[in-house]
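Report on one structure; see the data block that follows.
The values are calculated or read from the model by the stated rules, or taken from the named source; none is laboratory data. Being a predicted model, the structure only gives us computed values, none of them experimental. Here the Cβ positions follow ideal geometry from the backbone for every residue, glycine too, while neighbour counts run over all protein chains shown.
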Amino acid sequence: MKKAIYTLLALFIAQQSWAQDIDKIITKDYVDRLIKTLSSDDMQGRATFSPGIDKAATFIEKEFKSIGLQPLEGKTYRQTFYKYQIKPQSAVLSLDGKDIAATDIFVFGNTSAKLSFNQEKGKIVQMDASKPFMQQFRALTKDAQQQIVLVDPAFASDFKRIQAYVAGGSVIDEKEISTESAATVFVLTAQTGLKNFQVELNNNVEKMPLFNVAGMIPGKSKAKELVIFSGHYDHLGIMKADGQDSIANGADDDASGTTAMIALAKYYKKLNNNERTLIFVAFTAEEIGGFGARHFSEKLNPDDVVAMFNIEMIGKDSKFGKNTAFITGFDKSDFGTILQKNLAGTAFTFHPDPYPQQNLFYRSDNATLAALGVPAHTISTDQIDSDKFYHTVKDEYVTLDTDNILSTIKGIAKSAISIIKGTDTPTRIPKLNND
């Protein structure tokens, strides 16, 4: 009986000691400073390729240096790689000798700087006004060919929505650039029975740098085994104005997750008891295709990665209430079970993803490593089915609950202890078949 009492007392003392230590290391003022800076107007919404994202990267680098992290590669925290940005410049189209207004045209799939074709190289397709637009759109753009698609005015709202989207251009690898690429030109017109056309397309193609920001705390006895903590620091940049505001600050998405990642780096560096190597990474380009996470994953042997804590949108209470968060892909490994075990005796709890229909597990930066078998999961509190600020200019610091961010960071910090110390190893996730 005495032994049981002493054991419980020791556990209680350990819990109190942990709480006191983390409260001193990760304070509300510290978290506030990080998230306010990352989501400030000065960062201009942190769009990929923008001056704002460069400012954000510089800020994260300074935080890593202050904490005392080692650069992951060489002497810099920046993990730089390159993509090609393609932006439409002009699209000139004539149908049976009549010029079409640029406002009634958009082009999908063109990866050439200059491209011209006519009915001898391509074809004309008529959309069926009685069938769903998106169903036809997906089928037509899946075929890699040169074609003109006549879109009935009944689909005007769908047409304008996608036209606005493709106007922002695309990001591709060098190998995808082509002098004779497939290109589907959509035309909003009531005309039918057209036979002849001539199209001239021009794109601006520019090689552009992207950069993750990554640092590490080397492990002791299990240094070759890696535990990753991540959040994406990019967002949408400048958007269509809502009132006087056109900056999509991305406070919750994902300045909150990036803040958590930095705060955890500070905490574990202070503890200095990690047997496994800890990597802390701010990913770029999540919003435009997850390019940062893909590049990062290519630099690692996935068999060396024991676990990945990807943190995304923790700025408000979860659907389960205060001191809770959910884990995507909870049933795919015992990652969540381990985390919850380590939280015994605390007020914080983790739950399975309550939004399976959203397919969140494969929509964030954990997806690339998860597909390779790594227990890579995203931790979030966002009520994605009702979040009215998601991907709007209203996602600002004033909408956040800093206490929720703070409690989630501390919950993650406590729950990960046995994994970073090497006493727990999550089961692997079944690999995706990419054949």
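Among the residues that make up region 361-369, is at least one of them farther than 19 Å from Ile409 by Cβ, touching a residue at least 40 places away in the same chain (Cβ under 8 Å) and among the aliphatic types (A, V, I, L, M)? Scanning region 361-369, I find at least one residue that is farther than 19 Å from Ile409 by Cβ, touching a residue at least 40 places away in the same chain (Cβ under 8 Å) and among the aliphatic types (A, V, I, L, M), so the answer is yes. Applying a threshold of 6 Å to beta carbon distances and a minimum spacing of six or more residues, or different chains, the list of pairs starting in region 146-174 at a residue that is touching a residue at least 12 places away in the same chain (Cβ under 8 Å) and ending at one that is surrounded by 17 or more Cβ atoms within 10 Å (Cβ to Cβ) and in a helix (DSSP H, G or I) reads Val149/Leu140; Val151/Phe159; Phe155/Phe133; Asp158/Phe133. Of the residues making up region 248-285, those that are assigned to a strand (DSSP E or B) and out of contact with any helix residue (DSSP H, G or I) (no Cβ under 8 Å at 6 or more places or on another chain) are Thr277, Ile279. Test Leu210 against the criterion of being within 24 Å of Pro88 (Cβ to Cβ), touching a residue at least 24 places away in the same chain (Cβ under 8 Å) and not in a strand (DSSP E or B), and give yes or no. Here the answer is no, as Leu210 does not meet what is asked.
Scanning region 211-256 for residues that are farther than 11 Å from Ile279 by Cα and aromatic (Phe, Trp, Tyr), we see that the one that is surrounded by the fewest Cβ atoms within 10 Å (Cβ to Cβ) is Phe211. Selection of first residues in region 263-280 that are among the basic types (Lys, Arg) and of second residues that are part of a strand (DSSP E or B), restricted to Cβ pairs under 7 Å at least 6 apart or on distinct chains, gives the following pairs, ordered by first then second residue: Lys269/Ile217; Arg276/Lys222; Arg276/Glu225; Arg276/Leu226; Arg276/Val227; Arg276/Val306.
Quick grid of which residues meet (1) closer than 30 Å to Gln126 by Cα; (2) part of a loop (DSSP other than H, G, I, E, B); (3) not assigned by TED's automatic domain parsing to the domain that holds Tyr77:
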| site | (1), (2), (3) |
| --- | --- |
| Leu201 | yes, no, yes |
| Lys220 | no, yes, no |
| Leu226 | no, no, no |
| Ile238 | no, no, no |
| Ser246 | no, no, no |
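Restricting to region 26-69, name every residue that is buried (at least 16 other Cβ atoms within 10 Å of the Cβ) and of a type in the set (S, T, N, Q). Listed by number, the residues that qualify are Thr37, Ser39, Ser40, Gln44, Thr48, Ser50.
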